[in-house]
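Below is one structure, written out as structure tokens; comments come after it.
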Amino acid sequence: MRITARMSPHKVVVLVDKGSTHNFISDRLENLLRLPVIPTEAFSVRVANGEKLKCQGRYDKVRVELQGTEFYLTLFSLPLTSLDLVLGVQWLEMLGSVVCNWKQLTMDFIWDNQNRRLQGVDVQAIQVASPNELSKELRQGHALFAVCFQPTLGTAAHGAPPDD
């Protein structure tokens, strides 16, 4: 499930992944936040698509605000794309019992003796992207799965210029 969070002034995208043993931060976000790295022996992590990524750093007691609930987490660096954080079993164990509603994309748990709810974001929503944004993503080696062109005001139904 994907949720939104805040780290310092930045809004971040988080994947809650019970299949992940640890918590991971994208190298892009760690550089943006200028987190103090704790050197660790490099190790490989196999991600969902089967690819192996190399982890080379650890960050302790990093403040992450998940929709109003504050956590201080240990995060490991990975070259993630399209995600800022992955919260795995390392974080889920802190929560104890969690009730998830996958249809409504919610997670309910008790934290600091208070009921808390995290609301997931619908990743199926279509996002508008400019040709420049698409070109940039392709240059960075990202995959492009679908493009949906829609007529805008001043354009006829079949994409032809409007009659004068």
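Screening segment 11-40 for residues that are in a strand (DSSP E or B) and without any contact (Cβ under 8 Å) to a residue 60 or more places away in the chain and picking the one that is surrounded by the most Cβ atoms within 10 Å (Cβ to Cβ) gives 26.
The set of residues in segment 105-114 being in a strand (DSSP E or B), closer than 18 Å to residue 4 by Cα and aliphatic (A, V, I, L, M) consists of 107 alone.
Just a yes or no: is a residue in segment 77-93 aromatic (Phe, Trp, Tyr) and over 17 Å from residue 121 (Cβ atoms)? Among the residues of segment 77-93, at least one is aromatic (Phe, Trp, Tyr) and over 17 Å from residue 121 (Cβ atoms), which makes the answer yes.
Report those strands (runs of 3 or more DSSP E) wholly inside segment 60-104 carrying at least 2 residues which are surrounded by fewer than 18 Cβ atoms within 10 Å (Cβ to Cβ) and at negative phi. I'd like the intermediate steps shown before the answer.
Numbers: elements: 69-78, 85-87, 99-101.
By residue number, 69-78, 99-101.
Criterion first (more than 30 Å from residue 41 (Cα to Cα), touching a strand residue (DSSP E or B) at 6+ places or on another chain (Cβ under 8 Å) and of a type in the set (Lys, Arg)) does residue 58 satisfy it? So residue 58 fails the test. Does at least one position in segment 146-164 carry a residue that is modelled with pLDDT under 95, of a type in the set (A, V, I, L, M, F, W, C) and touching a Gly at 6+ places or on another chain (Cβ under 8 Å)? Yes, there is a match, as at least one residue in segment 146-164 is modelled with pLDDT under 95, of a type in the set (A, V, I, L, M, F, W, C) and touching a Gly at 6+ places or on another chain (Cβ under 8 Å).
In the condition set (1) basic (Lys, Arg); (2) closer than 21 Å to residue 1 by Cβ; (3) touching a Phe, Trp or Tyr at 6+ places or on another chain (Cβ under 7 Å), residue 58 is compliant with all but (2). Only residues that are in contact (Cβ under 8 Å) with a residue 60 or more places away in the chain and not charged (D, E, K, R) were counted across segment 44-71, and they come to 2.
The values are calculated or read from the model by the stated rules, or taken from the named source; none is laboratory data. On a predicted model such as this, the values are computed, not experimentally measured, just so you know. Ideal geometry is used to build each Cβ from the backbone, glycine not excepted, and the neighbour counts take in all protein chains shown.
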